[in-house]
Amino acid sequence: MLSAKKYQNTFAVAFLVLFAGASISMHQFKVPTIMNDVAQSLSMNSASAPWLMSVFTITGIFLAIPAGGIIQKVKSKPLFLTAAICMACGALIGSFAHTGAVMIGSRVLEGLGFLIVAIAGPLTVERYCAPETIGRAMGIWAVWVATGQIIAFNLTPALMGTLGWRGIWQVYALATIIVSVLFVLLLKEPEGVESEPAPAVPAEQPAVSTLAVLKNYHLIFVSISFAIFNALLLAVLTFLPGYATQTGLMKVSQASFVATIPMIGCLIGSPIIGKLSESLGRKRLYIITMIASGLGTLLAFSSSVPIIYVGVILFGLVGLGAPGLAFGSISGLLDSPEQGGAGMGILITFQNLGMFLGIAIFLPIVGAWSGSYFAAGLTFAVVSIVGAVLIGLSELK
């Protein structure tokens, strides 16, 4: 008599977590393509409108570490439902907003839902997938942000004419709730394995010290390298379209498409790199993805259209394998499984810090190089080498 499988099919788990995450991620990216319309409707000026996007990263910077410690102790299904409720409530509040302040406040609530999923997703993969398949599962999960961006970038403009931005906010809220309920119904508990944390930490076990986790310099090395990666990514996604159109290299439509290529490439490259990590180890692949990201950033700001395409394709197919490798590495760098939530919180804090800095410092660097985007790309490429060195110094396996 064959014994029952202990774990649900790895690909089923990975895609359930991916789709649940994407239903959250698309809320972050529903803004960029219609930001001017939303800002004009709410009488927001050019200084306040960008906060509709940057508030997501600010939320992650300040709340990721405390949230990580709490999330570690909670089961996955309630976490995803909580994230969906935060996101749906934020979207509904935003849909009725008549001032920029209310809209930005609603985006903070949405940012909290995004943060919960960003921490809970990798923990769920580790809890529900067989240990030998975590690499491929993380590679699939890691494209959740890219999937949400692609859906939002294509669906939002298409719905704008018929629903208006308020209707889009409401439809997305409903979609998130539906997908999250399906996630809860379809995700199966492993048989004969303790997949989830106990409701409370037993009294005899010492509480997890976030400070102790922060002193783990191997984790900090990996986290700093991940911050650098995210700075590169946001610099390319944010500033490449403007650079390509201002220099006359591309028309607006072509430049917008080019900026989505890294995320499209991620859908192909990340799962492959995740699978390879199971046999080759994460360390060497993480170093390769970091160098590819730096080189891709440099090429993306070249003066040749074919080379720009090479840069964004390289960034997408290879560089964007980094998130899955980074999130998959955390448990192996910590002293105990109980530190997983705090470790994820620290990594995500650095992730959001990198995103914020990538947007905040790139143009000043362009200015320091007398307006040369290529020189700024070269500067970021050099910094990517620092990230690769930090990965090499860590105990990442």
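The values are calculated or read from the model by the stated rules, or taken from the named source; none is laboratory data. Note that this is a predicted model, so its numbers are computed, not measured. Note that each Cβ is placed from the backbone with ideal geometry, even for glycine, and that neighbours are counted across all protein chains shown. All accessible areas refer to the heavy atoms of the entire protein, side chains included, with ligands and DNA or RNA removed. Shrake-Rupley method; radii C 1.70, N 1.55, O 1.52, S 1.80 Å.
A few remarks follow.
- Given (1) small (Gly, Ala, Ser); (2) open to solvent by less than 10 Å² (accessible area, probe 1.4 Å); (3) within 20 Å of Gly139 (Cα to Cα), index of the condition Ala227 fails: (2)
A quick yes/no check of all residues on (1) part of a helix (DSSP H, G or I); (2) small (Gly, Ala, Ser); (3) under 30 Å from Lys215 (Cβ atoms):
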residue	(1), (2), (3)
Ile61	yes, no, yes
Ala64	yes, yes, yes
Pro78	yes, no, no
Gly94	yes, yes, no
Met103	yes, no, no
Val125	yes, no, yes
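- Close pairs (8 angstrom Cβ cut-off, 6 or more residues apart or separate chains): under 14 Å from Arg107 (Cβ atoms) and touching a residue at least 12 places away in the same chain (Cβ under 8 Å) in segment 52-68, open to solvent by 40 Å² or more (accessible area, probe 1.4 Å) and not in a helix (DSSP H, G or I) anywhere: none
Here's the yes/no breakdown for (1) within 30 Å of Ala255 (Cα to Cα); (2) touching a helix residue (DSSP H, G or I) at 6+ places or on another chain (Cβ under 7 Å); (3) at pLDDT 80 or above; (4) crowded, with 18+ Cβ neighbours inside 10 Å:
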site: Val31; (1), (2), (3), (4): yes, yes, yes, yes
site: Gln40; (1), (2), (3), (4): yes, no, yes, no
site: Ala47; (1), (2), (3), (4): yes, no, no, no
site: Phe62; (1), (2), (3), (4): no, no, yes, no
site: Gly68; (1), (2), (3), (4): no, yes, no, yes
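- Any pair with Cβ under 9 angstrom, 6 or more apart, that starts in segment 2-14 at a residue that is outside any helix (DSSP H, G or I) and ends at one that is at pLDDT 80 or above and among the polar types (S, T, N, Q): Tyr7/Thr133
- Criterion violated by Phe56 - all others in (1) open to solvent by less than 30 Å² (accessible area, probe 1.4 Å); (2) closer than 30 Å to Lys188 by Cα satisfied: (2)
- Residue tally, condition open to solvent by 50 Å² or more (accessible area, probe 1.4 Å) and either closer than 18 Å to Ala39 by Cβ or out of contact with any Ser or Thr (no Cβ under 9 Å at 6 or more places or on another chain) (or both), over segment 159-179: 6
- Within the set Gln72, Gln8, the sole residue that is surrounded by 16 or more Cβ atoms within 10 Å (Cβ to Cβ), touching a helix residue (DSSP H, G or I) at 6+ places or on another chain (Cβ under 6 Å) and at pLDDT below 90 turns out to be Gln72.
- When segment 202-224 is limited to residues that are surrounded by fewer than 24 Cβ atoms within 10 Å (Cβ to Cβ) and at pLDDT 85 or above, the one that is nearest to Phe301 (Cα to Cα) turns out to be Ile224.
- Residue match in segment 91-113 (condition: buried (at least 17 other Cβ atoms within 10 Å of the Cβ) and aromatic (Phe, Trp, Tyr)): no
- Qualifying residue in segment 14-29 (condition: hydroxyl-bearing (Ser, Thr, Tyr) and open to solvent by 30 Å² or more (accessible area, probe 1.4 Å)): no
- Of the helices (runs of 4 or more DSSP H) lying entirely inside segment 293-397, those carrying at least 2 residues that are hydrophobic (A, V, I, L, M, F, W, C) and either open to solvent by 20 Å² or more (accessible area, probe 1.4 Å) or modelled with pLDDT of 90 or more (or both) are 305-317, 340-368, 373-393.
- Inspection of segment 75-86 finds no residue satisfying the criterion of being among the charged types (D, E, K, R), modelled with pLDDT of 85 or more and crowded, with 19+ Cβ neighbours inside 10 Å.
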